[in-house]
Amino acid sequence: MGVAFRQAVLDNGLTIIGECDPCAHTSAVGFFVKTGARDEDGQVMGVSHFLEHMMFKGTAKRSGEQVNCEFDAMGARANAYTSGEMTAFYAAVLPEQLPKAAELLADMMRPALREEDFATEKGVILEEIAMYADEPVWVLSDAVGERYFPQHPLGHRVLGTTGTIGGLGVEQMRGYFAQRYSADNTAVALAGRVDFDAAVAQLAELCGGWKRTGAGRAHGQVRTGAEQFELTDEKVARAYRMLSAPAPASDDPARYAAFVAAQILGEHDNSRLHWSLVEPGLAEEADASYEPMDGLGVYRVFVATEPDKLEEAWALVHREIASLAQSIQARDVEMVRSKVATGITVAGERPEGRMHRLGRLWMYLGEYSSLEDELARVNAVSVGDVRALLERFPFAPATVGTLRPA
(Lines give C-alpha, C1' and ligand atoms only; values in the text may rest on other atoms or scores of the structure.)
Protein backbone atom coordinates (compact mmCIF):
# COMPACT_ATOMS: atom_id res chain seq x y z
CA MET A 1 0.00 0.00 0.00
CA GLY A 2 1.44 3.39 -1.02
CA VAL A 3 0.96 6.94 0.19
CA ALA A 4 -2.71 7.97 0.27
CA PHE A 5 -4.03 11.52 0.43
CA ARG A 6 -6.92 12.21 2.80
CA GLN A 7 -8.87 15.38 3.54
CA ALA A 8 -11.54 16.47 5.99
CA VAL A 9 -13.10 19.81 6.89
CA LEU A 10 -14.64 20.40 10.31
CA ASP A 11 -17.92 22.27 10.70
CA ASN A 12 -16.02 25.40 11.75
CA GLY A 13 -13.91 25.39 8.57
CA LEU A 14 -10.70 23.88 9.94
CA THR A 15 -9.13 21.85 7.14
CA ILE A 16 -7.25 18.62 7.93
CA ILE A 17 -5.11 17.05 5.21
CA GLY A 18 -2.83 14.05 5.27
CA GLU A 19 -0.44 11.92 3.28
CA CYS A 20 -0.81 8.60 5.05
CA ASP A 21 1.90 5.98 4.64
CA PRO A 22 1.45 2.80 6.69
CA CYS A 23 5.06 1.80 5.97
CA ALA A 24 6.58 5.00 7.41
CA HIS A 25 8.61 4.81 10.61
CA THR A 26 7.68 8.30 11.84
CA SER A 27 4.75 10.72 11.83
CA ALA A 28 4.53 14.49 11.51
CA VAL A 29 1.86 17.07 12.24
CA GLY A 30 1.80 20.80 11.54
CA PHE A 31 -0.66 23.65 12.05
CA PHE A 32 -0.41 26.13 9.17
CA VAL A 33 -2.04 29.55 9.48
CA LYS A 34 -2.45 31.78 6.45
CA THR A 35 -1.11 34.86 8.13
CA GLY A 36 2.23 36.61 8.00
CA ALA A 37 3.88 39.99 7.64
CA ARG A 38 1.83 40.85 4.55
CA ASP A 39 -1.40 40.58 6.57
CA GLU A 40 -0.37 43.12 9.20
CA ASP A 41 -1.28 46.78 9.47
CA GLY A 42 1.81 48.95 9.38
CA GLN A 43 1.52 50.00 13.02
CA VAL A 44 1.67 46.38 14.21
CA MET A 45 4.38 45.21 11.80
CA GLY A 46 6.09 42.16 13.29
CA VAL A 47 3.08 40.96 15.30
CA SER A 48 2.89 37.64 13.41
CA HIS A 49 6.46 36.76 14.31
CA PHE A 50 6.00 38.03 17.87
CA LEU A 51 2.91 35.80 18.15
CA GLU A 52 4.94 32.80 17.02
CA HIS A 53 7.18 33.35 20.05
CA MET A 54 4.21 33.79 22.36
CA MET A 55 2.73 30.43 21.33
CA PHE A 56 5.59 28.77 23.21
CA LYS A 57 5.02 30.83 26.38
CA GLY A 58 2.14 28.75 27.65
CA THR A 59 -1.61 28.19 27.53
CA ALA A 60 -4.46 28.20 30.02
CA LYS A 61 -3.36 24.78 31.28
CA ARG A 62 0.38 24.71 30.52
CA SER A 63 3.29 26.98 31.30
CA GLY A 64 5.93 27.68 28.69
CA GLU A 65 8.29 25.35 30.54
CA GLN A 66 5.71 22.55 30.44
CA VAL A 67 5.29 22.99 26.66
CA ASN A 68 9.01 22.55 26.10
CA CYS A 69 9.31 19.67 28.58
CA GLU A 70 6.45 17.75 26.98
CA PHE A 71 7.97 18.07 23.50
CA ASP A 72 11.27 16.79 24.93
CA ALA A 73 9.55 13.93 26.76
CA MET A 74 7.99 12.61 23.55
CA GLY A 75 11.28 12.98 21.66
CA ALA A 76 9.72 15.43 19.21
CA ARG A 77 11.50 17.48 16.59
CA ALA A 78 9.34 20.54 17.11
CA ASN A 79 9.63 24.12 15.93
CA ALA A 80 7.83 27.00 14.23
CA TYR A 81 8.44 29.70 11.65
CA THR A 82 6.90 32.92 10.37
CA SER A 83 7.24 34.35 6.87
CA GLY A 84 5.57 37.08 4.91
CA GLU A 85 2.99 34.52 3.79
CA MET A 86 2.24 32.12 6.64
CA THR A 87 3.01 30.91 10.16
CA ALA A 88 3.53 27.24 11.00
CA PHE A 89 3.93 25.14 14.15
CA TYR A 90 4.97 21.52 13.79
CA ALA A 91 6.39 18.36 15.31
CA ALA A 92 7.87 15.11 13.98
CA VAL A 93 7.55 12.12 16.31
CA LEU A 94 7.36 8.36 16.48
CA PRO A 95 3.87 7.18 15.43
CA GLU A 96 2.78 6.24 18.93
CA GLN A 97 3.47 9.84 20.05
CA LEU A 98 1.41 11.50 17.32
CA PRO A 99 -1.79 11.96 19.40
CA LYS A 100 0.26 13.62 22.17
CA ALA A 101 2.00 15.90 19.69
CA ALA A 102 -1.31 16.88 18.07
CA GLU A 103 -2.88 17.63 21.45
CA LEU A 104 0.08 19.74 22.56
CA LEU A 105 0.17 21.73 19.32
CA ALA A 106 -3.60 22.25 19.39
CA ASP A 107 -3.33 23.60 22.93
CA MET A 108 -0.45 25.88 21.91
CA MET A 109 -2.60 27.27 19.10
CA ARG A 110 -4.78 28.86 21.78
CA PRO A 111 -2.10 30.60 23.87
CA ALA A 112 -2.67 32.46 27.10
CA LEU A 113 -1.02 35.67 25.81
CA ARG A 114 -0.30 36.75 29.35
CA GLU A 115 0.78 40.36 29.77
CA GLU A 116 3.86 39.46 31.81
CA ASP A 117 5.03 37.00 29.13
CA PHE A 118 4.33 39.62 26.47
CA ALA A 119 6.53 42.18 28.22
CA THR A 120 9.39 39.70 28.66
CA GLU A 121 9.26 38.42 25.10
CA LYS A 122 9.14 41.94 23.68
CA GLY A 123 12.68 42.39 24.98
CA VAL A 124 13.73 39.18 23.22
CA ILE A 125 12.24 40.37 19.92
CA LEU A 126 13.93 43.77 20.20
CA GLU A 127 17.26 42.04 20.79
CA GLU A 128 16.65 39.89 17.71
CA ILE A 129 15.93 43.00 15.62
CA ALA A 130 19.15 44.60 16.90
CA MET A 131 21.12 41.47 16.04
CA TYR A 132 19.86 41.43 12.45
CA ALA A 133 20.56 45.16 12.14
CA ASP A 134 24.25 44.20 12.33
CA GLU A 135 23.90 41.79 9.37
CA PRO A 136 24.53 43.67 6.10
CA VAL A 137 22.62 41.19 3.95
CA TRP A 138 19.50 41.52 6.13
CA VAL A 139 19.76 45.31 6.20
CA LEU A 140 19.94 45.46 2.39
CA SER A 141 17.24 42.83 1.92
CA ASP A 142 14.81 44.75 4.13
CA ALA A 143 15.57 48.01 2.34
CA VAL A 144 15.06 46.45 -1.10
CA GLY A 145 11.80 44.85 0.02
CA GLU A 146 10.42 48.13 1.31
CA ARG A 147 11.21 49.92 -1.94
CA TYR A 148 10.15 47.08 -4.21
CA PHE A 149 6.71 46.99 -2.56
CA PRO A 150 6.18 50.69 -1.80
CA GLN A 151 3.24 51.44 0.46
CA HIS A 152 2.20 47.77 0.50
CA PRO A 153 2.40 45.26 3.38
CA LEU A 154 4.37 42.87 1.15
CA GLY A 155 7.27 45.17 1.97
CA HIS A 156 6.87 44.63 5.71
CA ARG A 157 9.76 43.29 7.73
CA VAL A 158 8.88 39.93 9.28
CA LEU A 159 10.56 40.92 12.56
CA GLY A 160 9.02 44.39 12.51
CA THR A 161 11.00 47.43 13.59
CA THR A 162 12.09 48.75 16.97
CA GLY A 163 9.31 51.32 16.63
CA THR A 164 6.47 48.93 15.77
CA ILE A 165 7.49 46.26 18.28
CA GLY A 166 8.33 48.80 20.97
CA GLY A 167 4.92 50.40 20.56
CA LEU A 168 2.93 47.18 20.27
CA GLY A 169 0.42 46.49 23.05
CA VAL A 170 -0.81 43.12 24.21
CA GLU A 171 -4.41 44.01 23.35
CA GLN A 172 -3.36 44.73 19.77
CA MET A 173 -1.77 41.28 19.63
CA ARG A 174 -4.87 39.65 21.09
CA GLY A 175 -7.05 41.36 18.51
CA TYR A 176 -4.82 40.26 15.64
CA PHE A 177 -4.76 36.72 16.99
CA ALA A 178 -8.54 36.53 17.37
CA GLN A 179 -9.08 37.59 13.75
CA ARG A 180 -6.28 35.76 11.93
CA TYR A 181 -5.85 32.53 13.95
CA SER A 182 -9.35 31.34 13.14
CA ALA A 183 -10.47 27.84 12.25
CA ASP A 184 -11.24 28.80 8.65
CA ASN A 185 -7.76 30.35 8.19
CA THR A 186 -5.89 27.27 9.45
CA ALA A 187 -4.97 23.88 8.01
CA VAL A 188 -3.55 20.88 9.86
CA ALA A 189 -1.17 18.77 7.79
CA LEU A 190 -0.36 15.17 8.74
CA ALA A 191 2.15 12.82 7.14
CA GLY A 192 3.71 9.43 7.72
CA ARG A 193 2.16 6.59 9.69
CA VAL A 194 -1.14 8.22 10.54
CA ASP A 195 -4.56 6.86 11.49
CA PHE A 196 -6.31 9.67 9.66
CA ASP A 197 -9.84 8.98 10.91
CA ALA A 198 -8.63 8.86 14.50
CA ALA A 199 -6.65 12.07 14.00
CA VAL A 200 -9.70 13.85 12.57
CA ALA A 201 -11.81 12.71 15.50
CA GLN A 202 -9.17 13.93 17.95
CA LEU A 203 -8.79 17.30 16.21
CA ALA A 204 -12.56 17.75 16.07
CA GLU A 205 -12.64 17.35 19.84
CA LEU A 206 -9.64 19.63 20.39
CA CYS A 207 -10.36 22.32 17.80
CA GLY A 208 -14.07 22.02 17.04
CA GLY A 209 -14.84 25.00 19.25
CA TRP A 210 -12.53 27.36 17.40
CA LYS A 211 -14.38 30.23 15.75
CA ARG A 212 -14.71 31.19 12.11
CA THR A 213 -13.86 34.80 11.32
CA GLY A 214 -13.86 34.89 7.53
CA ALA A 215 -10.24 35.99 7.63
CA GLY A 216 -8.96 36.44 4.12
CA ARG A 217 -6.19 38.02 2.14
CA ALA A 218 -6.99 40.87 -0.25
CA HIS A 219 -4.50 40.86 -3.10
CA GLY A 220 -5.60 44.08 -4.74
CA GLN A 221 -3.33 45.74 -7.27
CA VAL A 222 0.28 45.41 -6.13
CA ARG A 223 2.51 48.12 -7.52
CA THR A 224 6.16 47.11 -7.55
CA GLY A 225 8.95 49.64 -7.54
CA ALA A 226 11.70 50.12 -10.10
CA GLU A 227 14.41 52.28 -8.61
CA GLN A 228 18.06 52.25 -7.71
CA PHE A 229 19.29 53.38 -4.32
CA GLU A 230 22.42 53.24 -2.22
CA LEU A 231 23.10 52.90 1.50
CA THR A 232 26.40 53.38 3.26
CA ASP A 233 27.59 52.00 6.58
CA GLU A 234 30.96 52.59 8.21
CA LYS A 235 30.77 49.16 9.85
CA VAL A 236 30.83 47.18 6.58
CA ALA A 237 33.96 46.31 4.62
CA ARG A 238 32.44 44.70 1.53
CA ALA A 239 29.99 45.98 -1.05
CA TYR A 240 26.61 44.31 -1.54
CA ARG A 241 24.05 44.68 -4.30
CA MET A 242 20.61 43.10 -4.54
CA LEU A 243 17.95 43.07 -7.26
CA SER A 244 14.25 42.26 -6.99
CA ALA A 245 12.07 41.84 -10.08
CA PRO A 246 8.67 40.34 -11.00
CA ALA A 247 8.30 36.56 -11.36
CA PRO A 248 5.42 34.04 -11.57
CA ALA A 249 2.98 33.65 -8.70
CA SER A 250 2.67 30.46 -6.67
CA ASP A 251 -0.31 29.29 -8.74
CA ASP A 252 1.22 30.12 -12.15
CA PRO A 253 2.20 27.00 -14.16
CA ALA A 254 5.30 28.92 -15.25
CA ARG A 255 6.66 28.63 -11.70
CA TYR A 256 8.48 25.42 -12.59
CA ALA A 257 10.31 27.12 -15.46
CA ALA A 258 11.10 30.03 -13.12
CA PHE A 259 12.78 27.67 -10.64
CA VAL A 260 14.86 26.23 -13.46
CA ALA A 261 15.80 29.66 -14.84
CA ALA A 262 16.89 30.97 -11.43
CA GLN A 263 18.98 27.86 -10.80
CA ILE A 264 20.73 28.09 -14.17
CA LEU A 265 21.48 31.75 -13.56
CA GLY A 266 22.51 31.70 -9.93
CA GLU A 267 22.61 28.36 -8.14
CA HIS A 268 25.37 28.46 -5.55
CA ASP A 269 27.85 25.89 -6.88
CA ASN A 270 27.35 25.52 -10.62
CA SER A 271 25.64 28.40 -12.43
CA ARG A 272 26.28 31.25 -14.82
CA LEU A 273 26.94 33.70 -11.99
CA HIS A 274 29.17 31.25 -10.15
CA TRP A 275 31.43 30.67 -13.13
CA SER A 276 31.45 34.32 -14.23
CA LEU A 277 31.98 35.97 -10.83
CA VAL A 278 32.82 33.61 -7.98
CA GLU A 279 35.19 31.19 -9.67
CA PRO A 280 37.40 33.95 -11.16
CA GLY A 281 37.50 35.73 -7.79
CA LEU A 282 35.52 38.77 -8.86
CA ALA A 283 32.88 38.21 -6.15
CA GLU A 284 32.72 36.25 -2.93
CA GLU A 285 29.01 35.53 -3.38
CA ALA A 286 26.80 35.70 -6.45
CA ASP A 287 23.44 33.97 -6.64
CA ALA A 288 19.91 34.19 -7.97
CA SER A 289 16.68 32.82 -6.54
CA TYR A 290 12.98 32.67 -7.24
CA GLU A 291 10.30 33.03 -4.57
CA PRO A 292 6.72 32.18 -5.55
CA MET A 293 4.21 34.07 -3.45
CA ASP A 294 0.46 34.35 -3.06
CA GLY A 295 -0.64 36.38 -6.08
CA LEU A 296 2.81 37.20 -7.44
CA GLY A 297 6.43 36.11 -7.35
CA VAL A 298 9.87 37.66 -7.04
CA TYR A 299 13.27 37.03 -8.60
CA ARG A 300 16.23 38.03 -6.46
CA VAL A 301 19.86 38.43 -7.52
CA PHE A 302 22.61 39.10 -4.98
CA VAL A 303 26.32 39.92 -5.19
CA ALA A 304 28.89 40.50 -2.44
CA THR A 305 32.37 41.65 -3.40
CA GLU A 306 35.16 44.15 -2.76
CA PRO A 307 33.92 47.74 -3.16
CA ASP A 308 36.24 48.49 -6.08
CA LYS A 309 35.02 45.39 -7.95
CA LEU A 310 31.29 45.94 -7.56
CA GLU A 311 30.55 47.74 -10.83
CA GLU A 312 32.57 45.26 -12.88
CA ALA A 313 30.80 42.38 -11.15
CA TRP A 314 27.37 43.92 -11.68
CA ALA A 315 28.09 44.50 -15.37
CA LEU A 316 28.68 40.76 -15.66
CA VAL A 317 25.41 40.08 -13.84
CA HIS A 318 23.61 42.16 -16.46
CA ARG A 319 25.43 40.33 -19.22
CA GLU A 320 24.43 36.93 -17.88
CA ILE A 321 20.80 37.96 -17.44
CA ALA A 322 20.64 39.49 -20.93
CA SER A 323 22.11 36.40 -22.59
CA LEU A 324 20.29 33.82 -20.49
CA ALA A 325 17.32 33.09 -22.76
CA GLN A 326 19.33 32.55 -25.94
CA SER A 327 22.27 30.78 -24.31
CA ILE A 328 20.24 28.14 -22.45
CA GLN A 329 20.69 24.67 -23.88
CA ALA A 330 18.95 21.37 -23.26
CA ARG A 331 21.79 20.07 -21.07
CA ASP A 332 21.44 23.11 -18.76
CA VAL A 333 17.76 22.44 -18.25
CA GLU A 334 18.29 18.71 -17.80
CA MET A 335 20.97 19.23 -15.14
CA VAL A 336 18.85 21.65 -13.14
CA ARG A 337 15.73 19.52 -13.49
CA SER A 338 17.68 16.63 -12.01
CA LYS A 339 18.87 18.74 -9.08
CA VAL A 340 15.40 20.09 -8.35
CA ALA A 341 13.86 16.63 -8.66
CA THR A 342 16.48 15.20 -6.31
CA GLY A 343 15.83 17.93 -3.75
CA ILE A 344 12.07 17.39 -3.88
CA THR A 345 12.46 13.63 -3.61
CA VAL A 346 14.93 13.74 -0.71
CA ALA A 347 12.65 16.11 1.22
CA GLY A 348 9.70 13.84 0.46
CA GLU A 349 11.38 10.70 1.77
CA ARG A 350 10.64 11.72 5.36
CA PRO A 351 7.16 12.38 6.73
CA GLU A 352 8.42 15.66 8.19
CA GLY A 353 9.33 16.88 4.71
CA ARG A 354 6.02 15.70 3.27
CA MET A 355 4.13 17.48 6.03
CA HIS A 356 5.87 20.79 5.28
CA ARG A 357 5.31 20.44 1.56
CA LEU A 358 1.67 19.53 2.07
CA GLY A 359 0.99 22.45 4.41
CA ARG A 360 2.76 25.06 2.30
CA LEU A 361 1.06 23.95 -0.91
CA TRP A 362 -2.34 24.07 0.77
CA MET A 363 -1.71 27.59 2.04
CA TYR A 364 -0.88 28.74 -1.48
CA LEU A 365 -3.18 26.66 -3.67
CA GLY A 366 -5.89 25.22 -1.46
CA GLU A 367 -5.57 21.93 -3.30
CA TYR A 368 -3.49 18.77 -3.26
CA SER A 369 -0.66 17.93 -5.61
CA SER A 370 1.22 14.69 -5.08
CA LEU A 371 4.98 14.44 -4.99
CA GLU A 372 4.82 12.44 -8.22
CA ASP A 373 2.78 15.20 -9.88
CA GLU A 374 5.30 17.81 -8.82
CA LEU A 375 8.20 15.75 -10.14
CA ALA A 376 6.41 15.24 -13.45
CA ARG A 377 5.90 18.99 -13.83
CA VAL A 378 9.55 19.71 -13.05
CA ASN A 379 10.74 17.04 -15.47
CA ALA A 380 8.47 18.41 -18.19
CA VAL A 381 10.20 21.83 -18.23
CA SER A 382 11.85 22.42 -21.61
CA VAL A 383 14.22 24.99 -23.08
CA GLY A 384 11.21 26.51 -24.80
CA ASP A 385 9.38 26.81 -21.48
CA VAL A 386 12.32 28.66 -19.90
CA ARG A 387 12.65 31.00 -22.86
CA ALA A 388 8.92 31.75 -22.81
CA LEU A 389 9.15 32.40 -19.08
CA LEU A 390 12.05 34.82 -19.54
CA GLU A 391 10.12 36.67 -22.21
CA ARG A 392 7.25 37.19 -19.74
CA PHE A 393 9.50 37.87 -16.75
CA PRO A 394 12.90 39.18 -17.94
CA PHE A 395 14.27 40.18 -14.50
CA ALA A 396 12.84 43.65 -15.13
CA PRO A 397 11.60 46.17 -14.16
CA ALA A 398 13.73 45.87 -11.06
CA THR A 399 14.54 47.56 -7.80
CA VAL A 400 18.30 47.52 -7.19
CA GLY A 401 19.84 48.35 -3.85
CA THR A 402 23.50 48.79 -2.89
CA LEU A 403 25.16 48.78 0.52
CA ARG A 404 28.79 49.85 0.63
CA PRO A 405 31.28 51.19 3.19
CA ALA A 406 30.82 54.80 4.21
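Do the conditions hold for GLU334, that is, is it modelled with pLDDT of 95 or more, outside any loop (DSSP other than H, G, I, E, B) and within 26 Å of ALA245 (Cα to Cα)?
So GLU334 does not fit the description; no.
The rows are residues; the columns are (1) in a helix (DSSP H, G or I); (2) under 19 Å from PHE31 (Cα atoms); (3) charged (D, E, K, R); (4) in contact with a His (Cβ under 9 Å, 6 or more places away or on another chain).
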residue: GLY160; (1), (2), (3), (4): no, no, no, yes
residue: LEU168; (1), (2), (3), (4): no, no, no, no
residue: ASP184; (1), (2), (3), (4): yes, yes, yes, no
residue: VAL188; (1), (2), (3), (4): no, yes, no, no
residue: VAL222; (1), (2), (3), (4): no, no, no, yes
residue: GLU230; (1), (2), (3), (4): no, no, yes, no
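Going through region 3-54 one residue at a time, which ones are out of contact with any strand residue (DSSP E or B) (no Cβ under 9 Å at 6 or more places or on another chain) and of a type in the set (Lys, Arg)?
ARG38 - this is the single residue of region 3-54 that is out of contact with any strand residue (DSSP E or B) (no Cβ under 9 Å at 6 or more places or on another chain) and of a type in the set (Lys, Arg).
Only residues that are surrounded by fewer than 14 Cβ atoms within 10 Å (Cβ to Cβ), of a type in the set (D, E, K, R) and in a helix (DSSP H, G or I): list them for region 117-140, please.
Within region 117-140, GLU127 is the sole residue that qualifies.
Which ones in region 337-384 are among the aliphatic types (A, V, I, L, M), assigned to a helix (DSSP H, G or I), in contact (Cβ under 8 Å) with a residue 12 or more places away in the chain and more than 26 Å from ALA76 (Cα to Cα)?
If the condition is that a residue be among the aliphatic types (A, V, I, L, M), assigned to a helix (DSSP H, G or I), in contact (Cβ under 8 Å) with a residue 12 or more places away in the chain and more than 26 Å from ALA76 (Cα to Cα), then VAL340, ALA341, LEU365, LEU375, VAL378, VAL383 are the ones that fit.
ARG217 is checked against (1) in the same structural domain as LEU375 (by TED's automatic domain parsing); (2) in contact (Cβ under 8 Å) with a residue 60 or more places away in the chain; (3) of a type in the set (D, E, K, R) and fails just one. What number does that condition carry?
(1)
Could you tell me which numbered condition GLY192 fails, if it satisfies all but one of (1) crowded, with 20+ Cβ neighbours inside 10 Å; (2) in the same structural domain as ALA245 (by TED's automatic domain parsing)?
For GLY192, the failing item is (2).
Is there any pair with a first residue in region 9-27 that is in contact (Cβ under 8 Å) with a residue 60 or more places away in the chain and a second that is surrounded by fewer than 18 Cβ atoms within 10 Å (Cβ to Cβ) and among the β-branched types (Val, Ile, Thr) whose Cβ atoms are under 6 Å apart and which are 6 or more apart or on different chains, and what are they?
THR15/VAL9
Just need a number here: residues in region 31-54 that are surrounded by fewer than 24 Cβ atoms within 10 Å (Cβ to Cβ) and touching a His at 6+ places or on another chain (Cβ under 7 Å).
3
Among the residues of region 102-126, what is the count of those that are among the hydrophobic types (A, V, I, L, M, F, W, C) and either within 26 Å of MET355 (Cβ to Cβ) or not assigned by TED's automatic domain parsing to the domain that holds ALA78 (or both)?
Number of matching residues: 6.
Looking at GLU52, GLU115, can you tell me which residue is out of contact with any helix residue (DSSP H, G or I) (no Cβ under 9 Å at 6 or more places or on another chain) and of a type outside the set (A, V, I, L, M)? I'd like the intermediate steps shown before the answer.
Details: GLU115 fails: out of contact with any helix residue (DSSP H, G or I) (no Cβ under 9 Å at 6 or more places or on another chain).
When all the criteria are applied, what remains is GLU52.
Every residue, every condition in (1) without any contact (Cβ under 8 Å) to a residue 60 or more places away in the chain; (2) buried (at least 20 other Cβ atoms within 10 Å of the Cβ); (3) among the small types (Gly, Ala, Ser); (4) outside any strand (DSSP E or B), yes or no:
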position	(1), (2), (3), (4)
ASP251	no, no, no, yes
VAL260	no, yes, no, yes
GLN263	no, yes, no, yes
SER276	yes, no, yes, yes
ASP287	yes, yes, no, no
GLU291	yes, no, no, no
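Suppose we keep only residues that are in a helix (DSSP H, G or I) and touching a residue at least 40 places away in the same chain (Cβ under 8 Å) within region 170-182. Which one would you say is farthest from ASN12 (Cα to Cα)?
Ranking the qualifying residues of region 170-182, first place goes to VAL170.
The values are calculated or read from the model by the stated rules, or taken from the named source; none is laboratory data. Note that the structure is a prediction, hence the values are computed from the model and not measured. Because the Cβ atoms are built from the backbone with ideal geometry, glycine has one as well, and the counts that use them run over all protein chains shown.
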